[in-house]
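In what follows, a single structure is set out as structure tokens and then discussed.
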């Protein structure tokens, strides 16, 4: 047995082969760890109603390279809910927040309307920082699914009552009227302040507060991009990251581009395109942070596709795109999943939408 072969055998005996790659060159042996590194932080960005055609919009309508093209891992998610082949946003977001497939309209509850612990609740108890940013009201289906438990997505006042004890460190979006113009007469803004939240209702701060933050800049949903919303979504995401990254344990941040969906429901291509480009800009904020931080996994996906949106040709002119729609509702098409950062490879392939929750929780397991 020659000396070089003996060293190679000893290397495999001492160190598990599943964790090490071995190279022999010029009678020397080098080892490089191939074990998947786990992230400290996760940023989940949800483009509500965003199918592959919506993503493709960034390629054809953005001035410059889309941030979508910066992702190295891409998968596909099957979006059907437990009750319907075509999911709604409530069931579609509850799978991300709880890992449970449930009925359309459910917020953080299973098929029997029993509350299921959300990723935000579980991580908050473990000491992680948590944040929710949305261009809808924070009581809307997607953000609500991460901190509330009600049987119907339309129960906005009941959803709001979960906010004071939610454990969420940073809220930003709309929905002010559900705190201070309630049918039951309660002043939930006062309750939020009593729970050590700084309540901000005029403009997005330049720097994060030392307290938890509730930033509500609209009575209900935020304005459209065409109505002057400006850089709220990228700037709120940047502010949230600045705040949550101070947590030594790590953090989980959910960011929703809500109104991509609304443009699809309205069959309004201009509305959809502007909202999608705003979302793409926000991806850039997340990816830049993750690149500099080195311990952050960025995941981008959708709860479902809306509008049956297609980038069709304008008649026989194949050099001109004419966006079109086949429905004012949702569709059952699979949606893309993009991932970049530690653990990103786990998100390749085709899988049920609730697997995204389980993949995230496994990666954050300490």
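Yes or no: residue 320 surrounded by 15 or more Cβ atoms within 10 Å (Cβ to Cβ) and without any contact (Cβ under 8 Å) to a residue 40 or more places away in the chain? For residue 320, the condition - surrounded by 15 or more Cβ atoms within 10 Å (Cβ to Cβ) and without any contact (Cβ under 8 Å) to a residue 40 or more places away in the chain - is not met.
Would you check if there is a residue in the range 335-345 being more than 25 Å from residue 42 (Cβ to Cβ), touching a residue at least 12 places away in the same chain (Cβ under 8 Å) and surrounded by 17 or more Cβ atoms within 10 Å (Cβ to Cβ)? No, the range 335-345 contains no residue that is more than 25 Å from residue 42 (Cβ to Cβ), touching a residue at least 12 places away in the same chain (Cβ under 8 Å) and surrounded by 17 or more Cβ atoms within 10 Å (Cβ to Cβ).
Filter the range 71-97 down to the residues that are under 14 Å from residue 337 (Cβ atoms) and not in a helix (DSSP H, G or I) and list them by number.
71, 72, 73, 74, 75, 76, 77, 78, 79
Test of understanding: among 352, 362, which residue is surrounded by fewer than 21 Cβ atoms within 10 Å (Cβ to Cβ), within 22 Å of residue 37 (Cα to Cα) and in contact with a helix residue (DSSP H, G or I) (Cβ under 9 Å, 6 or more places away or on another chain)?
Going through 352, 362 in turn, the sole match is 362.
Of all residues in the range 168-185 being touching a residue at least 24 places away in the same chain (Cβ under 8 Å) and over 18 Å from residue 200 (Cα atoms), which is surrounded by the most Cβ atoms within 10 Å (Cβ to Cβ)? Step by step, filter the range 168-185, then rank; the result is 182. Just so you know, in the range 285-317 the residues that are under 14 Å from the mean Cα position of the chain (by Cα) and assigned to a helix (DSSP H, G or I) include one that is surrounded by the most Cβ atoms within 10 Å (Cβ to Cβ), and it is 286.
Here residue 144 does not fit the description of being out of contact with any strand residue (DSSP E or B) (no Cβ under 9 Å at 6 or more places or on another chain) and either at pLDDT 95 or above or at negative phi (or both). Exactly one residue among 133, 120 is in contact with a strand residue (DSSP E or B) (Cβ under 7 Å, 6 or more places away or on another chain) and farther than 19 Å from residue 217 by Cβ, and that residue is 120.
Yes or no: residue 116 more than 15 Å from the chain's Cα centre (by Cα) and assigned by TED's automatic domain parsing to the domain that holds residue 313?
Values: more than 15 Å from the chain's Cα centre (by Cα): yes; assigned by TED's automatic domain parsing to the domain that holds residue 313: yes.
Considered against the rule, which asks whether it is more than 15 Å from the chain's Cα centre (by Cα) and assigned by TED's automatic domain parsing to the domain that holds residue 313, residue 116 comes out as yes.
Looking at the range 139-216, the strands (runs of 3 or more DSSP E) lying wholly inside it that each contain 1 or more residues that are assigned by TED's automatic domain parsing to the domain that holds residue 118 and within 24 Å of residue 94 (Cα to Cα) sit at 170-174, 212-216. With the condition kept exactly as written, say whether any residue in the range 348-364 is farther than 30 Å from residue 249 by Cβ and assigned by TED's automatic domain parsing to the domain that holds residue 120. For the range 348-364, residues farther than 30 Å from residue 249 by Cβ and assigned by TED's automatic domain parsing to the domain that holds residue 120: present. Do the conditions hold for residue 247, that is, is it surrounded by fewer than 18 Cβ atoms within 10 Å (Cβ to Cβ), part of a loop (DSSP other than H, G, I, E, B) and in contact (Cβ under 8 Å) with a residue 40 or more places away in the chain? Here the answer is yes, as residue 247 does meet what is asked.
The values are calculated or read from the model by the stated rules, or taken from the named source; none is laboratory data. Keep in mind that this is a model prediction, so the values were computed, not measured. Note that each Cβ is placed from the backbone with ideal geometry, even for glycine, and that neighbours are counted across all protein chains shown.
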